[in-house]
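Input: a single structure, listed below in structure tokens.
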Amino acid sequence: MKRRAFLKSVAFTGAAGLILPRIHLFGADAPGNKLNIALLGTWGRGEAHFDGIAGENVVALCDVNEKHLAFGARKFPGARQYVDWRKCLDQKDVEAVVCCTADHTHAFVANWSMNRGQHVYCEKPLANCVQEARLVRATYLKHRHKLATQVGTQRHEYENFNRVRELILDGAIGELQEVSAWGDRQLPKPGYLPAAGDPPKDFHWDLWLGPSPAHPWNPDYFSGTSGMNCLQWNMFWDFGSGQVGDMGSHTMDIAWNALDADLPISAEAKGDPFNPEVTPVKLEMHFEIPANNWRQAVRVSWYQGGAMPESPVRYLDLRKIDHGALFEGSKGCLVADFQSRALFPHGNQADLTYYQPRPKSALIPPLGNFQRQWINACKGNLKTACDFDYGGRMIEMLMLGLVAYRAGRKIKYDGTAGRVTDCPEANELLARKYRPGWTLQG
Ligand SMILES: NC(=O)c1ccc[n+]([C@@H]2O[C@H](COP(=O)([O-])OP(=O)(O)OC[C@H]3O[C@@H](n4cnc5c(N)ncnc54)[C@H](O)[C@@H]3O)[C@@H](O)[C@H]2O)c1
């Protein structure tokens with residue numbers, strides 16, 4: 001039975017009946033309990049989602065490249081096909097959307113989908129500027145009682161994320177003081193690619209550009225291998241946010257998961273000289289994150305492209321970790337990559353008597369398969385690890401770092417109002433300008 005028909009049939013059983021039957025009567029994996037999914041982007045990262053959604057009803061496919069659309073259709077022959085995601089989202093039976101399009105369309109797709117009552121799994125980065133992050137988060141918060149969302153930071157399923165969080169919360173490094181995350185990927189480019197003729201007839205370049213300013217076609221934007229092609233375009237300001245949104249989304253997640261953080265009250269950044277076409281390769285950004293009910297205020301930093309935090313342990317070479325996080329506390333530090341961690345108590349006071357490891361029964365339970373968690377949440381309790389509140393706050397912070405970089409000075413931020421309070425020019429950089437006809441609020 002289709003979800004909407006089913007909900008209609010129980011509509012008179014009262015509010016509790018609306019939430020419980022789907023999962024309890026049928027079970028999330030029961031044959032009659034399939035989710036109607038639209039997959040946007042049917043190659044590359046989209047292909048990585050094929051197996052995860054194959055057990056559901058994939059009812060719609062969308063890709064601006066008709067060759068890629070045909071590739072998706074071979075896997076899901078029953079789905080209707082689109083080249084324009086705006087039309088795809090209007091297909092009446094779409095209940096949930098998996099968005100694997102280019103970064104500059106993520107916030108648009110996410111917001112339009114939620115406005116239509118559709119659950120969303122959105123590939124990272126969730127947004128391409130502060131304003132987009134705030135809008136997507138606000139829309140989600142309005143609909144969180146009925147929609148399940150997940151930002152595609154699938155490494156979050158590694159149990160190491162839980163172990164790091166437990167060590168920090170349980171005081172293994174004493175009082176938490178500072179957190180840094182970094183990535184070493186370097187993809188320098190001089191500027192947008194030059195004009196190279198007309199796009200092929202089966203590539204809808206204007207739809208790929210979508211809300212971004214027009215740029216001439218060049219096939220090199222699409223010369224990457226499946227799942228890595230984003231590295232051909234995500235460093236250009238109009239299409240992405242470089243390694244900040246790319247590996248920053250994944251790696252800062254190790255830290256964010258252990259912080260229970262709200263938005264920063266300040267941001268500062270420095271790096272390569274500003275290039276109006278290309279995001280910086282070398283960059284460091286620092287944020288002041290306010291205290292919460294279990295820790296003091298902390299400094300959170302992101303380093304990339306050769307910029308690195310200083311190692312607090314003489315014999316520990318952080319550069320050997322390509323993407324990692326460093327937690328510094330009053331009694332030691334914890335270094336982690338995605339799947340492992342190492343604890344370094346330091347100083348005479350660091351005898352670990354202040355730290356009690358948890359019994360097995362109190363460990364944070366594994367979340368299982370990350371994509372499956374979202375599918376189950378759509379059908380059941382709506383709870384996911386990286387919803388648009390958690391992920392929205394994190395990407396807002398990272399995008400604010402790019403604002404500070406462009407402003408060239410430390411800025412103070414009011415996270416409630418979403419305004420920089422001491423630098424009017426920086427407020428101009430919180431939002432992007434879109435081509436006429438494109439609106440985030442569709
Ligand atoms: N979670 C991860 O580990 C991970 C890994 C790789 C990529 N990604 C993310 O996935 C997204 C796609 O990356 P990719 O490397 O697959 O890029 P890509 O350029 O290969 O794009 C993927 C597919 O989406 C299509 N597409 C792009 N824009 C579209 C639009 N507006 N409408 C419809 N179809 C569109 C492309 O034609 C392509 O078939 C990026 O945002 C990237 O950050 C995430």
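The values are calculated or read from the model by the stated rules, or taken from the named source; none is laboratory data. If you're wondering where the values come from, they're calculated on a predicted model, not measured in any experiment. Cβ placement follows ideal geometry from the backbone for every residue including glycine, while neighbour counts extend to all protein chains displayed.
Filtered by the rule that a residue be out of contact with any Asp or Glu (no Cβ under 7 Å at 6 or more places or on another chain) and either hydroxyl-bearing (Ser, Thr, Tyr) or within 30 Å of residue 360 (Cα to Cα) (or both), the range 174-205 gives 174, 175, 176, 179, 180, 181.
Table: residues versus (1) buried (at least 17 other Cβ atoms within 10 Å of the Cβ); (2) of a type in the set (Asp, Glu).
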{"site": "286", "(1), (2)": "yes, no"}
{"site": "297", "(1), (2)": "no, no"}
{"site": "300", "(1), (2)": "yes, no"}
{"site": "308", "(1), (2)": "yes, no"}
{"site": "311", "(1), (2)": "no, no"}
{"site": "321", "(1), (2)": "yes, no"}
{"site": "328", "(1), (2)": "yes, yes"}
{"site": "335", "(1), (2)": "yes, no"}
{"site": "339", "(1), (2)": "no, no"}
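Scanning the range 67-86 for residues that are in contact (Cβ under 8 Å) with a residue 24 or more places away in the chain and more than 9 Å from the ligand (Cβ to nearest atom) yields a count of 5. Can you confirm whether residue 295 is among the basic types (Lys, Arg) and more than 23 Å from residue 385 (Cα to Cα)? No; evaluated as a whole, the condition is false for this residue.
This table checks each residue for (1) closer than 20 Å to residue 155 by Cα; (2) surrounded by 13 or more Cβ atoms within 10 Å (Cβ to Cβ); (3) modelled with pLDDT of 95 or more.
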residue	(1), (2), (3)
368	yes, no, yes
374	yes, yes, yes
386	yes, yes, yes
398	yes, yes, yes
401	no, yes, yes
407	no, yes, yes
425	no, yes, yes
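Of all residues in the range 164-193, those being touching a residue at least 60 places away in the same chain (Cβ under 8 Å) and either in a loop (DSSP other than H, G, I, E, B) or of a type in the set (Phe, Trp, Tyr) (or both) number 16.
Considering only residues of the range 51-65 that are closer than 14 Å to residue 369 by Cβ, touching a residue at least 24 places away in the same chain (Cβ under 8 Å) and not aliphatic (A, V, I, L, M), which is nearest to the ligand (Cβ to nearest atom)? Walk me through how you get there before you give the answer.
Narrowing the range 51-65 to residues closer than 14 Å to residue 369 by Cβ: 51-56.
Then keep just the ones that are touching a residue at least 24 places away in the same chain (Cβ under 8 Å); that gives 52-53, 55-56.
Now restrict to residues that are not aliphatic (A, V, I, L, M): 52, 55-56.
Details: 52: 12, 55: 20, 56: 19 Å.
Within the range 51-65, the match that is nearest to the ligand (Cβ to nearest atom) is 52.
Inspection of the range 265-273 identifies no residue that is within 16 Å of the chain's Cα centre (by Cα), in contact (Cβ under 8 Å) with a residue 40 or more places away in the chain and either crowded, with 24+ Cβ neighbours inside 10 Å or not in a helix (DSSP H, G or I) (or both). When you look at residue 130, is it of a type outside the set (Phe, Trp, Tyr), surrounded by 24 or more Cβ atoms within 10 Å (Cβ to Cβ), more than 14 Å from the ligand (Cβ to nearest atom) and assigned by TED's automatic domain parsing to the domain that holds residue 36, yes or no? Considered against the rule, which asks whether it is of a type outside the set (Phe, Trp, Tyr), surrounded by 24 or more Cβ atoms within 10 Å (Cβ to Cβ), more than 14 Å from the ligand (Cβ to nearest atom) and assigned by TED's automatic domain parsing to the domain that holds residue 36, residue 130 comes out as yes. Being hydroxyl-bearing (Ser, Thr, Tyr) and either free of Cβ contacts under 8 Å to residues at least 60 places away in the same chain or more than 11 Å from the ligand (Cβ to nearest atom) (or both): is that true of residue 105 here? Taking the combined requirement at face value, the residue does not satisfy it.
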